[in-house]
Each structure stands twice: as C-alpha cells, then as structure tokens.
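Structure record follows, encoded as structure tokens.
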Amino acid sequence: MKLQLPFYQNENTLEIAHNLIGKVIVTNFGNAKTSGIIIETEAYTGIVDKASHAYNNKRTARTEVMFGNPGIAYVYLCYGIHSLFNVVTNKPGEPHAVLIRNIKPYKGIAQMLQRRGHNKLTNKLTTGPGTVSQALGIHYSNSGESLLGNKIWIEDCHIQLDKTKIKVTPRIGVSYAGDHALLPYRFVINSNDIN
C-alpha cells in the first residue's frame, strides 16, 4: 500500500527515517517499474541542522523544494554526477528531509542492472545514494515530484524485519557539519536481516 501524506507530515523526522527502513521505494519511468527495500536512511532536520542544505534558513532555487509540502522528492546533484534522492517531511516551511542511502533490490532487477551497466546482481548494485537513484532511474530533474503520484512512491509491503536489528549511527560524509556530524541520524539494517 502506497504511503499517504500523514506518514510524511510527522514532525519527528528521525522517526520517519527509522520507519522508512523496510519500506519499498518504487519508480515507474517509461513503463519500466523498479523497486527496492529501503535498508539505509539519514535524517536532516532543516534550519538547525548544520549538515542540511537548508541550515540557517538557506533558501536557493535548489533547496526551495525542501520548504514546500511534505511527501515530495528532493533530488539534488552531487559532485555534478550523482542524483541523490530525499523524502521531504514535516510541514511547509520546515525543510526536513530523509536521504535514501541504500536499498535491497526487490523488483525490476534486470532493468536496474541495465541502468547501472552491471550484468549480475551483487551487493554493489545499490550501495550508496547515487547508485540507488541510478538503479531506480531517478534524476535530479525529478525534484519536486509528488510521492503520492505514479512516477516515484514508497509502499508498505509488510516486509518482515526485526526492528531491534536497525543500527543507529552518525551520518556519513558530513564532516563539514562539525559537532552535527556526530548526531545519531543514520539508520541502517543488514540486507540479510530482511526476508
């Protein structure tokens, strides 16, 4: 079942990041449907979060989507190469988001392999936010896309997992954020712990 707006309107973005573990992200581009079970997320808590693009109420053409409605995609270009997919949460004016860092391929794996230029499924297919987007066909031009629509959405497929196995750690690659780099805002589960 597709997640609905109330899920994204939760003002506790850490709770959303935790609850996204085990949910299934689905894309449908050009009649190619692909999906993966979310196994790693990172929370970003807006204007007070030194690791967030919206820290200190920074508003740019790129970040403006974060200040909009929850339940939309915030996709930005990293290093001029990788499109990184985030879920906008909370409420309008509160630019919170959750980065999807890793997925366990679920359906449409042949299409995902083709997009990544791989000929067999390995654990490197979607390990990292850039490869997640590439495998799912998500591009930074999809920023602002509603997650209630028919191109990108997240489902609760009642995937079986032991929530006690979800690890909580500091985020990755945000050393520029000083003391905020150490905040326990990353949630991850081993793909082997998901049935």
**Q.** Pairs, first among the polar types (S, T, N, Q) in segment 178-191, second open to solvent by 50 Å² or more (accessible area, probe 1.4 Å), C-beta under 9 Å, six or more apart
**A.** ASN190/LYS165; ASN190/LYS167; SER191/LYS104; SER191/ASN123
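Just to be sure before I move on: is LEU148 open to solvent by 50 Å² or more (accessible area, probe 1.4 Å) and either within 18 Å of LEU14 (Cβ to Cβ) or at pLDDT 95 or above (or both) in the structure I sent? Before you say what the answer is, go through the steps one by one.
On the way: open to solvent by 50 Å² or more (accessible area, probe 1.4 Å): yes; either within 18 Å of LEU14 (Cβ to Cβ) or at pLDDT 95 or above (or both): yes.
Yes, satisfied.
Residues in segment 151-161 that are in a loop (DSSP other than H, G, I, E, B) and either surrounded by 12 or more Cβ atoms within 10 Å (Cβ to Cβ) or in contact with a helix residue (DSSP H, G or I) (Cβ under 6 Å, 6 or more places away or on another chain) (or both): how many?
4
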Q.
Could you go through segment 115-138 and let me know if any residue there is closer than 18 Å to GLY46 by Cβ, touching a residue at least 60 places away in the same chain (Cβ under 8 Å) and buried (at least 20 other Cβ atoms within 10 Å of the Cβ).
A. no
Q: Please work out which residue is most open to solvent (accessible area, probe 1.4 Å), limiting yourself to segment 70-107 and to residues that are in a loop (DSSP other than H, G, I, E, B) and out of contact with any strand residue (DSSP E or B) (no Cβ under 7 Å at 6 or more places or on another chain).
A: TYR79
Q) Applying the selection to segment 22-69, what residues are part of a loop (DSSP other than H, G, I, E, B), more than 15 Å from the chain's Cα centre (by Cα) and of a type in the set (Lys, Arg)? A) LYS50, LYS58, ARG59, ARG62
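The values are calculated or read from the model by the stated rules, or taken from the named source; none is laboratory data. In this text the structure is predicted, and so the values were computed from the model without any measurement. Quick reminder, even Gly has a Cβ in these numbers, built from the backbone with ideal geometry, and neighbours come from all protein chains shown. Heads up: the accessible areas ignore ligands, DNA and RNA and are worked out on the full protein's heavy atoms, side chains in. Shrake-Rupley method; radii C 1.70, N 1.55, O 1.52, S 1.80 Å.
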